1. Identify all lysines with a Cα-Cα distance to LYS179 below 23 Å; exclude those on the same chain that are fewer than 8 residues away in sequence.
2. What's the local net charge at HIS103, with K and R +1, D and E -1, over the other residues with C-beta under 12 Å away?
3. When ranked by the protection proxy of mean other Cβ atoms within 10 Å per residue, highest first, what sequence do the peptides 85-92, 42-49 form?
4. In terms of modelled amide H atoms, which long-range or inter-chain residues lie less than 5 Å from the amide H of LYS188?
5. Using a Cα-Cα cut-off of under 28 Å, which lysines could be cross-linked to LYS35, ignoring same-chain neighbours fewer than 8 residues away?
6. Could you work out how much longer the chain between ALA36 and LYS203 gets when fully extended? Use 0.36 nm per residue separation minus the Cα distance between them, nm to one decimal.
7. Where the centroid of each part is defined by its Cα atoms, how far is segment 150-207 from segment 86-114 in Å?
8. Give me the net charge for the shell around ARG173: Cβ to Cβ below 10 angstrom, other residues only, Lys and Arg +1, Asp and Glu -1.
Amino acid sequence: MDLPERLLPRVHSRLGMSRVVFKSYSREQLEEIVKARLGNIPLFKDEAVEFCARRVAALHGDVRRALQVCRRAAEIWEQEGKETNILLKHIKRADEELRDELHNKRIQVASWNEKLTLIAAYKVSKSVGKDIFSFEDLFFKFQQLRKTYFFQRKGSICEKRILSICRRLGRIRLFTLFKVDLADRRPKIRLALDPDEIPFILKNEMEFGPVLGISQVT
């Protein structure tokens, strides 16, 4: 969490910068915890629990997330009523549903500039044909969209500000930032979600309709 950085300087100086860092759970730890919690529910196949633990460990290592996936998988299994056990396919579907829901919530509460940055990322990914692109391409597209569709907004957004936004989107796991070479001045960016999710989630926001090519029906 970046709470210390958000505090006023006078409050910050009194509290200091002490942090307690909690490490994420490993795949083995998650698998052990989930199996212990599901001990009296012998419906889950071992491969399903193993996949759940591996998937969650790769993202953030949050045991609560792993248990949410298992609970949703059980609901899907019960609704289908076809199998005698909760299988890998149920876990995969539950993971996809929860991930989509999480992306939706994070994008909906993003700031205006963060949303436009995501739209710029969507546009760049479509133009280059992949979900990895340079920060320079993203910054150029952001400025282009802002000047074309939102020229009435006063002021300008500098490169440093957009880089800060990208890092923020990285912290909430909508972007992944990395450097191919240590000499690189700016990071490469990978979308951490399907690019097509971005216009789908923002389709009802009238202000972004023109830039997304969506006609608003009244």
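1. Cα-Cα hits under 23 Å: LYS123, LYS126, LYS130, LYS141, LYS160, LYS188.
2. Values: positive: ARG99, LYS105, ARG106, ARG173; negative: GLU96, GLU97, ASP100, GLU101, ASP194, ASP196, GLU197.
Within the 12 Å Cβ shell, the charges total -3.
3. Values: 85-92: 19.2, 42-49: 16.2.
Most protected by this proxy first, the peptides run 85-92, 42-49.
4. PHE178, LYS179, VAL180
5. Counting by Cα, and skipping residues close in sequence, LYS35 has these lysines nearby: LYS23, LYS45, LYS82, LYS89, LYS92.
6. Numbers: separation 167, 0.36 × 167 = 60.12 nm, distance 4.22 nm.
Full extension of this stretch gives 55.9 nm more.
7. Answer, in whole Å: 18.
8. Working: positive: ARG99, ARG106, ARG171; negative: none.
Cβ neighbours under 10 Å give a net charge of +3.
Readers should treat all values here as calculations from the given coordinates under stated rules, not as data from a laboratory. Just so it is clear, the model here is predicted, and its values are computed rather than measured. We place every Cβ from the backbone using ideal geometry, glycine too, and count neighbours over all the protein chains shown.
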